[in-house]
């Protein structure tokens, strides 16, 4: 990352020149820090959300698989044929 700035300031002696350069460095440092902060935390948030999403999806798929297995076991044990739908259960 490269940043550049210019500033016109009065030059009376070396001390005032060093003071002006110091102020410019501090201002640029704050600008760069804010830019990095935005990039770093937005990327961190993006990665965290994707991990949560993947973990949540894997857990949800595992829950559905377990529910399917339990239904199959219950169907076999009861001797009745059951039709399962996401909206309702029908017993024949």
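For the reader, a short list of remarks on this structure follows.
- Exclusive hit being outside any helix (DSSP H, G or I) and either modelled with pLDDT of 90 or more or surrounded by fewer than 10 Cβ atoms within 10 Å (Cβ to Cβ) (or both), set 24, 1: 1
- Restricting attention to segment 8-24, the residues that are within 29 Å of residue 39 (Cα to Cα) and in contact with a helix residue (DSSP H, G or I) (Cβ under 6 Å, 6 or more places away or on another chain) add up to 0.
The values are calculated or read from the model by the stated rules, or taken from the named source; none is laboratory data. Computed from a predicted model, the values in this text were never measured in an experiment. Every residue, glycine as well, gets a Cβ built from its backbone with ideal geometry; the counts of neighbours run over all protein chains shown.
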